[in-house]
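Okay, structure first, notes after.
The values are calculated or read from the model by the stated rules, or taken from the named source; none is laboratory data. Small disclaimer: the values here were computed from a predicted structure and weren't measured. Neighbour counts run over all protein chains shown; Cβ positions are idealised from the backbone, glycine included. Ligands, DNA and RNA are stripped out before the accessible areas are found, and what is left, the full protein with its side chains, is counted by its heavy atoms. Shrake-Rupley method; radii C 1.70, N 1.55, O 1.52, S 1.80 Å.
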Amino acid sequence: MDKSVKHDSSGVLDAPLTLAEPPPRSLGLASNTAFWWNLGISLLLPVAAVYVVLPDRPLWASLLAIVVGAVIGGALLGLAAAPGAREGVPAMVLLRGLLGGRVSYVPTVANLAQCVGWATFEIVVIAEAASRIVGAPRWPFVVVAGILATLMALRPLGVVRVLARYAVWVALAAVAYLFIQVLRQPLPARAEVGNATSFWTAVDVVIALPASWAPLAADYTRHVRSARSAGLGAAIGYGTATIVFFTLGMLALVAYGAGGLDVIDALLAVPLGGLALLVLVVVELDEAFANVYSTAVSSQNIVARWDRRILAVGVGSVATLLAMSFDIVAYEPFLFLIGSVFVPLVGVLIVAYYLLPRGAWDVSETAPARPLLVVPWLAGFGAYQLTLPTFFAGPGAGWTAWWSARQGDLGIDPANGMSASLVSLGVAMVLTGAIGLPAMVRRREEGLR
């Protein structure tokens with residue numbers, strides 16, 4: 001056994017403290033699938049269902065949007081997760097092979113902002129739900145959730161094992177109970193509530209959730225024994241949870257939303273709903289932990305020899321402080337903005353990685369820059385914003401106004417109803433293929449000689 005692999009006090013392998021140490025490969029298909037299912041168990045999904053429900057449309061239309069978005073998002077996540085197992089490195093280090101050692105700092109900084117934001121969101125949702133369940137102020141739950149998520153990030157593989165063995169079954173029981181109770185309510189033939197403006201914008205919201213994990217996936221799948229298990233486990237585990245929880249949120253909203261209740265209040269209105277939600281609130285801690293841990297690991301792409309435990313404590317403290325005053329209303333624009341950044345980046349990564357022959361992916365600190373591959377990423381980002389500009393109010397209104405003006409310059413209908421994620425993904429992948437295909441053809445020709 002490699003002497004440089006660290007064990008905890010019980011002799012169990014856990015994640016390395018720095019990038020200088022090799023990751024243990026202790027996860028198989030079952031444990032990896034259970035882990036991603038647990039990451040998908042998030043109250044953020046049913047809360048976001050309000051942006052997926054199509055008002056004055058049959059319920060099956062909203063359900064179809066959920067399934068389509070989950071399949072696409074899950075596939076993207078799986079394709080981004082598999083290289084982590086094959087290369088054995090965290091996600092941002094994997095991007096060295098895509099963009100180069102120094103250029104990979106750019107998406108790393110964006111990912112740090114995303115992870116801190118998601119950790120903050122998760123702590124807010126946990127605290128908000130817990131405070132409503134017990135009828136107490138929110139701030140003590142913010143502090144407790146922040147501390148627990150940070151402690152969990154200190155022993156990530158130990159947490160993954162516990163989630164795979166125990167938490168998955170408890171969460172399943174709570175979800176099944178909530179589904180049964182919600183379905184006992186009379187459901188209207190057509191949704192009377194909901195903020196989705198079109199089928200494809202609803203799909204965009206669903207895609208954004210799995211896609212937001214794609215830039216983090218390799219942080220965990222580097223510990224999976226095979227690329228196949230890594231990709232399938234991530235796609236199936238998170239994709240299934242996405243369908244289940246968005247559907248639960250949709251049903252709760254249409255069943256109780258006409259009475260003015262939001263999703264959390266609607267689920268609390270279910271008999272013993274508070275107890276079931278309390279179970280999900282506890283399980284929700286794994287999302288906060290994962291974002292704290294991934295922020296620390298992402299930082300190591302820039303400061304490779306810093307101890308991830310010290311980084312995790314710093315990140316957890318920042319997220320907890322932000323959660324004290326965070327406005328949950330900012331959730332929707334945040335979803336769309338991270339989608340516009342990371343959906344095209346994942347598209348570039350997938351095409352470039354699977355076009356290149358195995359063994360050609362350089363993840364060293366001195367990996368040469370590949371500035372041409374920044375072009376399809378930026379083009380995909382621009383395509384996303386031109387299709388659906390991220391809406392900001394107040395200080396960020398200028399961003400929305402600028403992109404809306406560019407829509408006008410190009411004759412793009414603001415109410416086009418298209419999927420910005422799919423447009424962005426298509427632009428990024430086609431351009432990446434156009435850039436990388438000639439080199440691929442040359443290598444094959446040289447191999448035939």
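Can you name every residue in region 44-54 that is under 24 Å from W169 (Cβ atoms) and surrounded by 24 or more Cβ atoms within 10 Å (Cβ to Cβ)?
Within region 44-54, L45, P46 qualify.
Going through N38, N32 one at a time, which residue ends up being modelled with pLDDT under 90 and assigned to a helix (DSSP H, G or I)?
Numbers: N32 fails: modelled with pLDDT under 90.
After applying the criteria, what remains is N38.
Answer yes or no as to whether M440 is touching a Leu at 6+ places or on another chain (Cβ under 8 Å), within 20 Å of T201 (Cβ to Cβ) and at pLDDT below 90. Break it down into steps so the answer makes sense when it comes.
On the way: touching a Leu at 6+ places or on another chain (Cβ under 8 Å): yes; within 20 Å of T201 (Cβ to Cβ): no; at pLDDT below 90: yes.
Spelling it out, it is not the case that M440 is touching a Leu at 6+ places or on another chain (Cβ under 8 Å), within 20 Å of T201 (Cβ to Cβ) and at pLDDT below 90.
Among the residues of region 298-318, is there at least one that is part of a helix (DSSP H, G or I), over 20 Å from P16 (Cα atoms) and in contact (Cβ under 8 Å) with a residue 60 or more places away in the chain? Give the steps one after another, and end with the answer.
At the first step, the residues of region 298-318 found to be part of a helix (DSSP H, G or I) are 298-299, 308-318.
After this cut, where a residue has to be over 20 Å from P16 (Cα atoms) as well, the list is 317-318.
If we keep only those that are in contact (Cβ under 8 Å) with a residue 60 or more places away in the chain as well, we get 317-318.
Yes: one or more hits.
Going residue by residue through region 196-203, is there one that turns out to be modelled with pLDDT under 95 and closer than 21 Å to N111 by Cβ?
Taking region 196-203 and keeping what is modelled with pLDDT under 95, we get 196-203.
So of that shortlist, the ones also closer than 21 Å to N111 by Cβ come out as none.
No, region 196-203 contains no residue that is modelled with pLDDT under 95 and closer than 21 Å to N111 by Cβ.
What single numbered condition from (1) touching a Pro at 6+ places or on another chain (Cβ under 8 Å); (2) at pLDDT 85 or above; (3) not aliphatic (A, V, I, L, M) fails to hold for T150?
For T150, the exception is condition (1).
Output yes when any residue across region 279-298 is surrounded by fewer than 17 Cβ atoms within 10 Å (Cβ to Cβ) and of a type outside the set (A, V, I, L, M, F, W, C), and no when none is.
No - not one qualifying residue is present in region 279-298.
With of a type in the set (G, A, S), loosely packed, with under 15 Cβ neighbours inside 10 Å, modelled with pLDDT under 90 and farther than 27 Å from F199 by Cα as the only criterion, which of G417, G394 stands out?
The match here is G394.
Does at least one position in region 133-150 carry a residue that is touching a residue at least 60 places away in the same chain (Cβ under 8 Å), under 22 Å from L349 (Cβ atoms), surrounded by 24 or more Cβ atoms within 10 Å (Cβ to Cβ) and of a type in the set (S, T, Y)?
no
For region 180-264, list the helices (runs of 4 or more DSSP H) that sit wholly inside it and hold at least 1 residues that are over 25 Å from A81 (Cβ atoms) and open to solvent by less than 30 Å² (accessible area, probe 1.4 Å); which are they? Explain how you work it out, then say what you get.
Values: elements: 199-213, 218-221, 227-256.
Of the helices (runs of 4 or more DSSP H) lying wholly inside region 180-264, those with at least 1 residues that are over 25 Å from A81 (Cβ atoms) and open to solvent by less than 30 Å² (accessible area, probe 1.4 Å) span 199-213, 227-256.
I'd like to verify a number: residues in region 342-376 that are open to solvent by 30 Å² or more (accessible area, probe 1.4 Å) and at pLDDT 85 or above, how many?
Number satisfying all stated conditions: 13.
A110 fails exactly one of the following numbered conditions: (1) open to solvent by less than 10 Å² (accessible area, probe 1.4 Å); (2) over 15 Å from I264 (Cβ atoms). What is the number of that condition?
(1)
Of everything in region 55-75, what is in contact with a Gly (Cβ under 8 Å, 6 or more places away or on another chain) and open to solvent by less than 40 Å² (accessible area, probe 1.4 Å)? Give them in sequence order.
The answer is S62, A70, G73, G74.
Go through (1) closer than 30 Å to P24 by Cβ; (2) at pLDDT 80 or above and name the single condition P156 misses.
(2)
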